[in-house]
Amino acid sequence: MEKFKRFMRKLFDRTFWKFILVGIVNTLFGTAIMFVFYNVLHLSYWISSASNYFFGSILSYFLNKYFTFRNKSKSWRTVGKFAVNIAACYLVAYGLAKPAVRLLMRGCTQKLTDNVAMAVGMCLFVALNYLSQRFLTFREKPEETQGENPEENS
């Protein structure tokens, strides 16, 4: 039980709230792109939602790497892990959202269904993205934390 409590404290610590703040900025930016592309430029569901993540991911990488996770890695490996993470989270979130919403909203217009599916996909994406960035992409290695704050290392 104590191990679970420590995990929950780590999961919802200051880094979590920084991620949320970055996410708000990034969500406003990406959502504007997605809904303008779909509703104004009349691009497809997939192009519109993918554009959100393409442009938003560039902003997200820099904000999360340097502000949220304070990752000092200078390797292309981190960039690659970030790109794979974004692609996997996008495909899973939007791949699940569209058929689920279509099933639940049978009888509604495609435009309404697609807009709701994009909103649901965004929510799924955020949850998956936080967990994978925190624990995979920008995960601290034990030697990176040694000596910085002894209280947090125990």
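The values are calculated or read from the model by the stated rules, or taken from the named source; none is laboratory data. Quick caveat, the model's predicted, so the values are computed rather than measured. As a convention, Cβ positions derive from the backbone with ideal geometry for all residues, glycine included, and neighbour counts pool all protein chains shown. Note: areas computed on protein heavy atoms with side chains; ligands, DNA, RNA excluded. Shrake-Rupley method; radii C 1.70, N 1.55, O 1.52, S 1.80 Å.
So for region 71-90 (the condition being farther than 27 Å from Ala117 by Cα and aromatic (Phe, Trp, Tyr)), does at least one residue qualify?
Looking for residues that are farther than 27 Å from Ala117 by Cα and aromatic (Phe, Trp, Tyr), one finds at least one in region 71-90, hence yes.
With respect to (1) under 17 Å from Leu124 (Cα atoms); (2) exposed (fewer than 14 other Cβ atoms within 10 Å of the Cβ), the lone exception for Trp76 is condition (1).
Tell me the residue from Ala93, Ala87, Ala97 that is in a helix (DSSP H, G or I) and open to solvent by 30 Å² or more (accessible area, probe 1.4 Å), please. On inspection, the qualifying residue turns out to be Ala87.
Of the listed requirements (1) open to solvent by 70 Å² or more (accessible area, probe 1.4 Å); (2) under 19 Å from Leu21 (Cβ atoms), Tyr130 misses just one: (1). Filtered by the rule that a residue be aliphatic (A, V, I, L, M), at pLDDT 90 or above and in a helix (DSSP H, G or I), region 35-57 gives Val36, Ile47. The residues of region 1-57 that are under 22 Å from Phe82 (Cβ atoms) and either of a type in the set (Lys, Arg) or in contact with a strand residue (DSSP E or B) (Cβ under 8 Å, 6 or more places away or on another chain) (or both), listed by number, are Lys10, Arg14, Lys18. The residue list Phe67, Phe7, Phe35 contains one member that is under 23 Å from Ala97 (Cα atoms) and either among the small types (Gly, Ala, Ser) or open to solvent by 40 Å² or more (accessible area, probe 1.4 Å) (or both), which is Phe35. Here is the figure for region 11-45: residues that are of a type in the set (Phe, Trp, Tyr) and within 17 Å of the chain's Cα centre (by Cα) total 5.
When region 1-13 is filtered for residues that are over 12 Å from Arg134 (Cβ atoms) and assigned to a helix (DSSP H, G or I), the ones remaining, listed by number, are Glu2, Lys3, Phe4, Lys5, Arg6, Met8, Arg9.
Every listed requirement among (1) under 19 Å from Lys81 (Cα atoms); (2) touching a helix residue (DSSP H, G or I) at 6+ places or on another chain (Cβ under 8 Å); (3) modelled with pLDDT under 70 is met by Glu144 save one, (2).
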